[in-house]
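Before any comments, here is the structure.
The values are calculated or read from the model by the stated rules, or taken from the named source; none is laboratory data. None of these values were measured; they are calculated from a predicted model. No Cβ is skipped: glycine too gets one built from the backbone with ideal geometry, and neighbour counts run over all protein chains shown. In case anyone asks, the SASA skips ligands and DNA or RNA and just uses the protein heavy atoms, side chains included. Shrake-Rupley method; radii C 1.70, N 1.55, O 1.52, S 1.80 Å.
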Amino acid sequence: MRRRDKYKRQKVRNDIIGIALMGIVLCGMGVAVVAKTTLDKESKSFNRSDACDKRGNASVTALVIDNTDDLSEIQKASLRSKLKAIVDKVPQHGKLDIYPIKDTVSGTVQPGFSRCSPGRGRDVSEVTGNPERVEKRWRENFEKPAWDAIEEYLSPSKAKTSPLMETVQSVAISSFGEDVTIPGAEKTLYVVSDMLQNNGGVNLYKGLPSTNDFFNSEYFQGVAADLSGVNIEIFFLNRNTTAQKNDRAIAEFWNQVFAKERSADYRITRISG
């Protein structure tokens, strides 16, 4: 009798353990199904060709490279480390647009490189994905083409003019416009330049204009950009020219220009060389 009772108790325990294990398995399967369904829904929101969100970009980084004059090897070396950091930190599905300064600007300038990051291996769990494969895809489809564009634009173009303001205005429309970003999007503009605007509208090689007169000019009214919510960092190139002798005044001039255009933040990083 005792053996039978003991057997029954053992069977009950085994049944309970079996039911519990089955519950855990079913629960795990349910979580996996929910996760897969969520991922499938999210994946439909992104373009396969460029990894951008069809609903609009939540993060946009625009990089403008002024290659109208030669850069020294020291400047290039200093820039490469900084620009690499910019490419590396673009978040998953964040957009990177790279613009060279063109000799003339007619209409809205489009970026020479424009693509969203597919994400890094660090963005993927080993349980639900393959970090190694994701990292390889990032390197081949995002990092390499971005870096190819950067290296191309670091080479001198020998352009005769440097229409910085017109280019920034195009960036504000093409990269930061309401039709390509979502409300509250993170927007960052990097400019590699000596900041010596030079074209028919204004030539900073000849000196700095009065900001009051400049802001009231017909030229500025035509090139002013809407930089609302845009964080700006200038990689300031030293040219060792008479025009750039008072570089603090040049920096302050652009500070006032960007403030007039309602930028969120503005800072300068000086490039060695």
**Request:** Starting from the Cα gyration tensor of segment 163-273, take the square roots of the eigenvalues, sort them a ≥ b ≥ c, and report rounded, prolate or oblate (rounded when a/c is under 1.5, otherwise prolate if a/b is larger than b/c, else oblate).
**Result:** oblate
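Suppose R0 equals 22 Å; then what is the FRET efficiency for residue 210 and residue 238 from their Cβ-Cβ distance, rounded to the nearest 0.05? Could the numbers behind the result be given before it?
Working: r = 25 Å, r/R0 = 1.16.
After rounding, the FRET efficiency stands at 0.30.
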**Request:** Skip the ligands, DNA and RNA, and give the accessible area per residue of segment 219-273 with a 1.4 Å probe, whole Å².
**Result:** 51 Å²
**Complete:** From the Cα centre of segment 56-82 to that of segment 176-253, the distance in Å is 16 Å
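About the Cα centre of segment 167-273, how large is the charge dipole given +1 on each Lys and Arg Cβ and -1 on each Asp and Glu Cβ? Please answer in debye to the nearest 20.
Charge dipole of segment 167-273: 460 debye, to the nearest 20.
Report the full-extension gain for the segment residue 245 to residue 137: residue separation times 0.36 nm, less the Cα-Cα distance, to one decimal in nm.
34.3 nm
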**Asked** According to the square roots a ≥ b ≥ c of the eigenvalues of the Cα gyration tensor, what is the shape class of segment 162-220, taking rounded for a/c under 1.5, prolate for a/b larger than b/c otherwise, and oblate for the remainder?
**Response** prolate
**Message:** Could you sort the peptides 53-60, 117-124, 212-219 by per-residue average Cβ neighbour count (10 Å cutoff), highest mean leading?
**Reply:** 117-124, 53-60, 212-219
